Structures are given as C-alpha cells and as structure tokens.
Amino acid sequence: MEPVGAKLLLLWAMCFGHTRAVGSRSYTQVIEVTNGGPWGDWAWPEMCPDGFFTIGFSIKVEPPQGIPGDDTAMNGIRLHCSRGHKVESESGRWGAWSEPLWCPHGSFLVAFSLRVEAPKTLEDNTGANNVRFRCSDGKELEGPGLAWGDFGSWSEPCPKGICGLQTKVQRPRGLPDDTAMNDVRFFCCSS
C-alpha cells in the first residue's frame, strides 16, 4: 500500500499543469510499466540536478541464495546523470552494485522495461529481477540482474530523457520471505 504522502504528491502533480516538480526539479511526465510486483511501499523520489539527464545506470543485485535461502534478486537502481551525478531512491539491503552501463555519447535513457517474477503461493518470491533501458539513439541496455520472471512491455518513452526515479521496495520482514524491490517509475524532464 502506498503511503498517503506519495499518493498525494503524485495526485497533486497530475492535476495541476503539465510541468510538475520534485524538490526544485521540474518534470513533464511520469513513465511506468504495468507488471511491477505487488509488495512494498513507494519511497521518496530522487532527481538529477536541473539541466542534467541520465546517461547510464547500475543495479544492486543479490545472487541466488540456493535452497533453503531467501532470494531477493534486484534490490535497487542507481541512475547516473550527466557530469558525474548519481541518484537513487530507496534500495533493499541485500546484494552489491553492478558496474554502470552507459548510453552512447550524446544520448540519454528514455524508456524502460522491468523483469518481474509473478507472485507464487508457498514459494520464495523475488519481485523485480532486472531492468532494461532504451537510449535516445535506440540502443538497448540490459542490467546484470537475475533471469527469474519475464520482461514486460516497454514504457512510453520520455520525449527528451529520464531525469529521476521513485522505487517501490518491501522493507526487510525476516521470515518467511523478503522481496526487496518490486517496481519503479521514472520522471521525464524537458530541460
């Protein structure tokens, strides 16, 4: 269930005008996919500084834990903005950060697709397992996540580029099952 504050922020942003803001950064659109996992809460949004767009990303992944371990797979996404800035919303506590993957020089991240494992009864669930991005020049980048689940449809593309993100993460619960990251939405900016 989404916290009331996150719902009110997005509702307000969608109702009043075409340009919305997170902190001091204005954005024009939110892109989402429909196959995100059901667990967790939406965390705080994080944005690149004004005038910067994302040119690469890295993900935080926990390797397979084997039986009887508890797998969480992808635990976070870090966006690499132009000029060395990095932003991330909330991440799970398990795993390690991958090396960044970069769009070709002069292009930005503009769309994404999420690999999510469908919920299973009485089994180990993982939520989101990997992410793919499309760059503004058409190149596709796939993270080094795990292969459980399926990639869903691509999001709508940002007209210019992605400039921020907000993650949906299940906080640690202990037994019987943790999933960590379940969903993500990205913000589009025009400048």
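The values are calculated or read from the model by the stated rules, or taken from the named source; none is laboratory data. What you see is a predicted model, and the numbers here were worked out from it, not measured in a lab. Methodologically, a virtual Cβ is constructed for each residue, glycine included, from the backbone with ideal geometry; neighbour enumeration extends over all protein chains shown. Side chains are part of the model used for accessible areas, which takes the heavy atoms of the whole protein and leaves out ligands, DNA and RNA. Shrake-Rupley method; radii C 1.70, N 1.55, O 1.52, S 1.80 Å.
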Q: With everything on Cα atoms, drop me the angle between helix 4-15 and the longest principal axis of the chain, reported from 0 to 90° to the nearest 10.
A: 40
Q | Where trypsin sites (Lys or Arg not before Pro) in DSSP loops with at most 15 other Cβ within 10 Å are excluded, longest remaining stretch of the chain | A | 1-92
Q: For Leu101, Leu122, Leu109, give the ranking by accessible area with the largest first, probe 1.4 Å.
A: Leu122, Leu101, Leu109
Q: Compute the accessible area per residue over the stretch 27-189, keeping the other protein chains in place, probe 1.4 Å, unit Å².
A: 43
Q: Please identify, among Glu88, Glu140, Glu32, the residue showing maximal mean-square fluctuation in a Gaussian network model of the chain using a 10 angstrom Cα cutoff.
A: Glu140
Q.
With a cut-off of 8 Å between alpha carbons and a minimum separation of six or more residues, what is the relative contact order of the chain in percent?
A. 28
Q. Any idea how far apart Ser153 and Trp44 come out in nm if each label point goes 7 Å out from Cα toward Cβ?
A. 3.4
Q | Counted charge near Asn130, where neighbours are those whose Cβ lies closer than 14 Å (Asp, Glu -1; Lys, Arg +1) | A | -4
Q) Rank Ile77, Ile67, Ile55 by accessible area, highest first, at a 1.4 Å probe radius? A) Ile67, Ile55, Ile77
Q) Round to a whole number: what % of the accessible area of the stretch 27-189 belongs to carbon and sulfur, probe 1.4 Å? A) 51
Q) How high is the FRET efficiency between Asp137 and Arg93 when r is their beta carbon distance and R₀ equals 41 Å, given to the nearest 0.05? A) 0.70
Q: Any lysines with Cα under 22 Å of the Lys86 Cα? List them, leaving off those in the same chain fewer than 8 positions away.
A: Lys60, Lys139, Lys160, Lys168
Q. On average, how much area does the Cα convex hull of the chain cover when viewed from any direction, in nm²?
A. 10.4
Q: Leaving ligands, DNA and RNA out of it, rank Ser153, Ser113, Ser26, Ser91 by accessible area with a 1.4 Å probe, largest first.
A: Ser153, Ser26, Ser91, Ser113
Q: Taking only Cα atoms and a 10 Å spring cutoff, compute GNM fluctuations for the chain and point out the largest among Val87, Val169, Val61.
A: Val87
Q) How far, in nm, would the chain grow between Arg171 and Gln65 when pulled straight, counting 0.36 nm per residue and subtracting the alpha carbon separation? A) 36.3 nm
